[in-house]
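No lab work stands behind these numbers, since they all come straight from the coordinates. Owing to the predicted nature of the structure, the values given are computational and were not obtained by experimental measurement. With ideal geometry, Cβ positions are generated from the backbone for all residues, glycine too; neighbour counts draw on all protein chains shown.
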Amino acid sequence: MKDIAIILAAAGKSSRFRDPYFKKVFTLASGKPVWQHSAQLFYEHPRVAQIIMAISTEDKEMVIEKYSGNLSMLGVEIVLGGDERFHSIRNALEKVRPEIKLIGVHDAARPCLTTQSFDALIAAADRTGAAILASPIRATVKRCGSNDQISETVAREGLWQAQTPQLFEASILKTAYAKMKGKPTDDSQVVEQSGVSVLCVEGPQTNIKITTKEDLKIAESFLKVPQRTRDNPFF
């Protein structure tokens, strides 16, 4: 049963990646562009019916010229994003097929997602209608002021760091975006604003989001080991 649409968020500016030639989602990681790792996983999954990648307008010509073959092979549709992440997701939602049951949003800069984690997320979303991968914060958390001086130590109990994918019933996500307020930083926040409860499903620390060149090196080291090993919390 193919009933899931995946939106790959790939329209960011990559300002912290600091590469004069490539944005982080288009740089190579273990021989493939970063975006292709997760796109391949979704393409091979039996529940995924549609993959939509939101890209920046300034990248359109390069993406078509360089990746048209890869995109066609993996069945990835392209949509142009906006100035903010939530603009890009809203544009992609307009291309989701009407028969889709669940819509997932995934950072194209997270190439180390595993099928096991995705399956656990699907099971939770099937049951609750709204679920995200996330990891409990285990380190001591400090809040600092503008001068980088510690202003307080924040209790970490109940704090989780959001990951992606984030997976929702199609009607829940579309309705939430229609009522969206402010400038949310992820899709779960949009859904939370609409009054829907969202479940956290623990994802592995290896599901890293590439932001800097150092992150890219870490992701490449994770990609060298089998998926089952990456899901092990003691890896």
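A few remarks follow.
- Restricting the stretch 1-93 to trypsin sites (Lys or Arg not before Pro) that sit in a DSSP loop and have at most 12 other Cβ atoms within 10 Å of their own Cβ leaves Lys13, Arg16, Arg18.
- Set Lys13/Lys142; Lys24/Lys60; Lys2/Lys209 screened for pairs whose C-alpha atoms are more than 18 Å apart: Lys13/Lys142; Lys2/Lys209
- Highest average packing first - 77-83, 93-99, Cβ atoms within 10 Å: 77-83, 93-99
- Listed options for log10 I(q)/I(0) by the Debye sum over Cα atoms at q = 0.11, 0.13 Å⁻¹ are [x] -0.64, -0.88; [y] -0.56, -0.79; [z] -0.50, -0.71. The value calculated from this structure is the one marked [y].
- Along each principal axis, taking the top coordinate minus the bottom one, the Cα set of the stretch 99-235 gives 45, 41, 27 Å in descending order.
- Selection from Ser188, Leu133, Gln161 lying farthest towards where the dipole of the stretch 4-230 points positive, charges on Cβ: Gln161
- Antiparallel content of DSSP bridges confined to the chain, in %, to 5: 40 percent
- Rounded to the nearest 20 debye, the dipole magnitude of the chain is 240 debye, with +1 charges on Lys and Arg beta carbons, -1 on Asp and Glu beta carbons, and the Cα centre as origin.
- Per-residue extension of 0.36 nm, minus the Cα-Cα distance of Met62 and Ile137, leaves a gain of 23.2 nm for this segment.
- Extension gain (nm, one decimal) between Asp119 and Asp83, 0.36 nm per residue minus Cα-Cα: 9.8 nm
- 5 angstrom amide H check on Ile7, placed H, neighbours 5+ away: Ile52, Gly104, Val105, His106
- Model label points for Asn70 and Arg127, set 7 angstrom from Cα along the Cα-to-Cβ axis, are 3.6 nm apart.
- Cα-centre dipole for the stretch 1-112 with unit charges at Cβ (Lys and Arg positive, Asp and Glu negative), debye to 20: 300 debye
- Positive dipole terminus of the chain, leading residue within Leu28, Thr114, Gly75 (C-beta point charges): Leu28
- Per-residue [θ]222 nm for the chain (sum of -39500 (n - 2.57) over DSSP H runs n ≥ 4, rounded to 500): -10000 deg cm²/dmol
- Scalar couplings 3J(HN,Hα) for the stretch 109-121, obtained by applying the Karplus form with A = 6.51, B = -1.76, C = 1.60 to θ = phi - 60°, are 8, 10, x, 9, 4, 10, 4, 4, 5, 5, 4, 5, 5 Hz; x denotes Gly and Pro.
- Sorted by Cβ density within 10 Å, fewest first, the residues Met62, Met1, Met180: Met1, Met62, Met180
- Stretching the chain fully between Gln161 and Asn232 yields a gain of 23.8 nm (0.36 nm per residue, less the alpha carbon separation).
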